[in-house]
Structures are given as C-alpha cells and as structure tokens.
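Presented below is the structure to which this report refers.
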Amino acid sequence: MPTRRQIILGAGFAGGVALLPRAAPASPELRDAALAELTGGGPVSDGRVTLTIPGVAENGLSVYTTVAVESPMTTGDHVRAIHILSEQNPIARLLSVRLGPRAGVARVSTNLRLAASQEVTALAEMSDGSFWRDRKTVIVTIAACIDGG
Amino acid sequence: MSLAPARVSMPAEAKAGDVIEIKALMRHPMETGYRVDSRGQPIARHIVRRFSAEYDGEEVFAMDLTQGVAANPFIAFHTVATRSGELVFSWEDDRGEVVTVRKRLTVTG
Amino acid sequence: MRARRVCLALAGVLLMAEVQAEPLPTGTSFLSDGLKAQQADEAANPGMLWVAEGERLWQTPAGVADRSCASCHGAVESMTGVAARYPAVNAASGELLNLEGRINRCRTEHQGAEPMPYESDALLGLTALVARQSLGQPVRVETGGAAAAHHEAGEAFFHRRQGQMNLSCANCHVDNAGSGLRGDTISHGLGTGYPVYRLEWQSMGSLHRRLRSCSFGVRAVQFAPGSPEYLALELYLAGRAEGTAIDTPAIRK
C-alpha cells in the first residue's frame with residue numbers, strides 16, 4: 001500500500017513527465033542549414049507567403065497554424081511544396097507539404113508543437129524553382145518537448 | 001493504430017471546378033520519443049510519418065509529418081472537384097501501420 | 001403612509017425572490033478565440049474522435065446478453081437531456097451515479113459485460129457521446145431529497161481547505177475565477193464540458209481525472225476516479241452549474 005507521500009510524488013511524476021534530451025536541440029543555425037538543404041543554397045524572397053500563427057501560444061503542445069501562398073495554382077504556375085521550420089524545436093523541419101495544380105488554392109492548416117518561444121518560418125517552393133517565405137515570432141508560455149506535458 | 005479512428009470532413013457534392021476544403025483528423029499520440037515515464041524509462045517514439053490524399057487516380061495532397069506536429073493530428077487542405085469518385089486518405093506511421101478512410105465525392109456540371 | 005411603505009417593502013421582497021442568479025459561464029468562455037473556434041468545429045475538435053469511438057460502441061453488441069446500447073435505447077439521440085441531469089441518485093440502488101457510473105451500470109446489469117475502466121477510450125467515448133446529445137442544454141440536477149446528503153458533502157468538500165497549500169476549491173474557483181494562473185485563466189470549475197480534450201494530456205480525460213489534477217495542484221490527497229468524495233463534489237459542481245449549457249467535448253489547456 002503506497003504511502004500518501006508516495007502517491008503524491010508518483011502523481012507528480014505522472015502529471016509532469018520529465019524530458020530526457022535525446023536529440024540536440026535545434027538552433028537558428030540548424031534551421032538555416034535545413035533551409036539551405038531545401039533551397040539548394042539559392043535565394044529566398046520574403047513575400048507571397050502568409051504564415052498565420054498566434055503571437056502568444058497558450059500551450060506549445062498544440063499551436064494552430066495556417067500557411068497560405070499567393071499563386072494561381074495552374075499547371076504552369078503553382079506551389080510545389082510548403083515547409084515549416086523551427087529554430088527551437090529538437091527538429092528543424094517540422095513538416096513538408098506536397099501540392100500541385102489540383103490543390104486549387106495553396107492553403108494548409110494544422111496544429112504544431114513548439115518547444116519554446118521562437119521564430120517560425122513557412123517556406124514555399126514554386127514550380128518555377130523560386131523560394132518564398134514568411135516568418136513570425138511566437139511566444140510559447142507552456143513549452144512542448146520541454147515542459148513534459 | 002488499427003483501433004484508432006480517423007475522421008474526414010468534406011462536402012459530399014460539388015460542381016466541377018469548385019475548390020473544396022477537406023479536414024482530416026486522426027487519433028494518434030504522436031509520441032515524440034523525448035519523454036520518460038514515471039519510472040524514468042524512455043517512451044518510444046511513435047508518430048505518423050505521412051498523410052496523403054488520392055483522388056481521380058492521382059495523389060493530390062501529401063504531408064510529411066514529424067514530432068513537430070501535435071498529437072491527434074489535424075490537417076486542412078483543398079482540392080479541385082474534377083470527377084465523381086472516391087477519395088482515399090491514408091496515414092502511415094513509423095511502425096509501418098496504415099489507416100485508410102474513403103469518402104465519395106459526387107461532382108455535377 | 002405606513003401601508004405604502006409596507007407595500008414597497010413587500011414589492012422589494014417579491015422582486016428579490018423573482019431575481020435568480022445568472023448561470024455561471026462555462027470554462028470555454030476563458031479560451032482564446034483560436035481554441036474556441038477549434039472546439040466549435042466538429043471537424044477539428046479532437047474530442048470528436050472519442051465521440052466517434054462512442055458511436056461505434058453504441059452499436060456494438062457486448063457481454064453475456066450480447067446486446068448493444070442501441071438494442072435497448074435505439075438511436076443515441078434518445079439520450080438527449082440525460083447528461084444535463086447527472087449526477088443523479090439511482091432510484092433502484094439508492095447510490096449516487098455520474099454518467100460514467102450510469103453507463104457502467106448498464107454495462108454490467110443489462111449487457112452482462114465487464115465495467116469499463118475510468119480513462120479507457122471506451123468509457124470516455126461513450127460518456128462523451130451521451131453528453132454530446134445534451135449539447136447546448138442547461139444543467140439541471142436534483143440536489144434535494146435522496147441527493148441532499150451527497151450535495152452537502154460535496155459542498156463541504158468544495159469549501160474545505162486542503163493539502164500542503166491549504167487551499168479550497170472556492171479559493172480559486174469562486175474568489176479568483178477569471179484571474180490568471182500559470183498561463184491559464186481560472187474558470188468557475190463547473191465541469192460542463194467534460195469529458196474534455198486537454199492539451200496537457202494530449203488526450204481526452206474525465207472530470208475525475210481533472211479533479212485529481214486539482215487535488216495534486218494543492219498537494220492534497222488525490223481520490224480515486226469514481227470515489228464517493230469526487231462523486232459528491234461532482235454533484236455539487238453540477239448544482240453550481242445550474243442553467244449553464246453543456247458543451248462536451250470541450251477543449252481545455
């Protein structure tokens with residue numbers, strides 16, 4: 001029969017599962033490296049992409065995010081891919097989306113996990129090979145991956 | 001994962017050329033692999049790696065996911081209504097398990 | 001002159017008797033616009049995944065009797081209004097049952113199956129499904145008669161200082177409702193959105209799981225889910241929630 005103290009301590013661990021770092025935390029440098037890998041080192045222009053994400057994320061475990069890209073989405077002129085990059089998560093490339101003219105509009109929404117307050121980058125790859133991006137700073141009050149939730 | 005339900009919400013009917021919005025929600029822990037349990041044992045990573053939508057003979061949307069996507073992943077995207085037929089949505093995780101949902105779209109005009 | 005004063009006094013008393021306390025706001029009202037929108041969108045609310053599981057179970061025969069919920073109850077829509085009057089005293093057995101307890105009572109007595117454990121996907125799914133049938137309906141539980149003793153026990157619990165932090169439920173949920181606490185806003189603690197999808201759990205959970213978190217929060221003894229202490233408290237909370245609409249499955253942080 002566990003003592004009252006054990007129950008409370010045990011519940012504490014269960015309630016706040018600890019983090020054991022298993023991967024090097026990301027950094028702006030790793031994010032830049034991931035970006036370069038995606039773009040082949042070529043130029044990235046700011047614009048045409050709108051990253052909609054809360055300025056203050058109430059909980060890093062689920063941050064509602066929308067990326068929209070201005071594009072006619074025709075066979076000759078469309079968005080090929082959208083990538084979301086983090087500078088603070090253990091992984092720099094959070095997700096990649098493959099699109100094409102059959103999408104109709106280049107807009108995708110999902111919930112991200114954000115480890116800490118950081119700049120999030122949405123990168124769009126166009127059919128003409130050009131790259132465009134939007135960047136937003138998100139303050140994360142309760143961190144995913146770190147706060148053990 | 002075979003018991004995990006997934007839900008796809010989309011219109012049942014559309015006019016040819018309409019852009020329809022599809023919302024996909026899947027039950028999955030998206031366990032990061034960074035956590036330890038109350039005994040200090042690491043909890044193994046278990047995440048969805050890929051989501052795709054196939055329509056009218058072609059993959060019209062795909063997402064590569066990582067631990068950076070929240071648990072019970074939600075994905076909203078669009079596709080152009082071309083012909084009546086079945087859309088097939090698939091989620092594949094890092095254990096090779098696949099969940100599939102099929103939805104019928106009736107395209108008029 | 002005196003008669004007029006008496007009339008005015010009587011009118012005042014009658015007016016006060018007519019005026020009822022406004023129902024307290026659901027915890028949903030303290031969410032950000034983004035999370036409110038997610039909760040309201042059936043296609044995006046993760047809690048609906050458990051409701052879907054509940055729908056599947058509703059049709060699935062179980063137990064020695066090989067009966068499904070549908071076998072006796074028909075369409076799940078017949079459950080409308082049920083969640084709004086729970087917890088309730090079971091007339092046959094005299095015990096106080098919450099929705100989980102009532103579902104498990106059906107399971108053991110009418111299906112001849114094992115009860116479903118608290119926090120199992122099955123029980124969460126069926127509880128969320130049944131509560132969902134009362135979406136938008138005001139909570140109205142019986143707190144008198146056979147329920148009176150339980151209600152009093154719940155009320156005493158709610159106002160009792162507990163734990164190392166020596167705090168009562170009322171200290172936060174009455175005295176400080178609407179104030180900030182560790183990246184969250186203190187609600188009135190009504191429980192009208194339960195079972196909820198809680199971001200911290202990354203999963204669906206019952207009210208009793210949340211009560212255990214609250215007990216832990218003040219470093220007090222945690223009771224077991226389904227315990228008489230939490231059941232009595234749940235009845236008291238439902239009494240406080242009178243008139244507030246059910247919005248299961250809610251999203252919480």
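Values quoted throughout were computed directly from the atomic coordinates according to the rules given, and no laboratory measurement underlies them. Because the structure is predicted, anything quoted here is derived from the model rather than measured. All Cβ positions, even for glycine, are placed from backbone atoms using ideal geometry, and neighbour counts span all protein chains on display.
Under a 5 Å amide H cut-off, with hydrogens placed 1.01 Å from N, B:Asp56 pairs with B:Glu86 among residues at least 5 apart or on other chains. Binning all Cα-Cα separations of chain C at 10 Å, short to long from zero, yields these whole-percent fractions: 7, 29, 34, 18, 7, 3, 1, 0. Taking the DSSP bridge list for the protein assembly as shown and keeping only pairs wholly inside it, about 90 percent are antiparallel. Calculated over region C:175-253, the projected area of the Cα convex hull averaged across directions stands at 5.4 nm². For chain C, the longest principal axis of the Cα atoms and the long axis of helix C:99-109 meet at an angle of about 40 degrees. Whole-Hz Karplus values for region C:226-235 come out as x, 5, x, 4, 6, 5, 5, 5, 4, 5 Hz, taken residue by residue from phi with 6.51 cos²θ - 1.76 cosθ + 1.60 and θ = phi - 60°; glycine and proline positions read x. Taken over the protein assembly as shown, the percentage of Cα pairs per 20 Å bin, counting from 0 up to the bin with the maximum distance, is 20, 50, 25, 5, 0. Compactness ratio for chain B: Cα radius of gyration over 2.2 N^0.38 Å (N = residue count) comes to 1.24. The three principal axes of the C-alpha atoms in region A:22-140 carry coordinate ranges of 42, 29, 23 Å, sorted with the longest axis first. Helix C:2-18 sits at what angle to the longest principal axis of chain C, using alpha carbons and giving 0 to 90 degrees rounded to 10? The angle comes out near 20 degrees. Here the label points at A:Val44 and C:His110, each 7 Å from Cα along the C-beta direction, are separated by 5.9 nm in the simple model. In a fully extended conformation the segment linking B:Glu58 and B:Ala12 would gain 14.6 nm over its present Cα-Cα distance, using 0.36 nm per residue.
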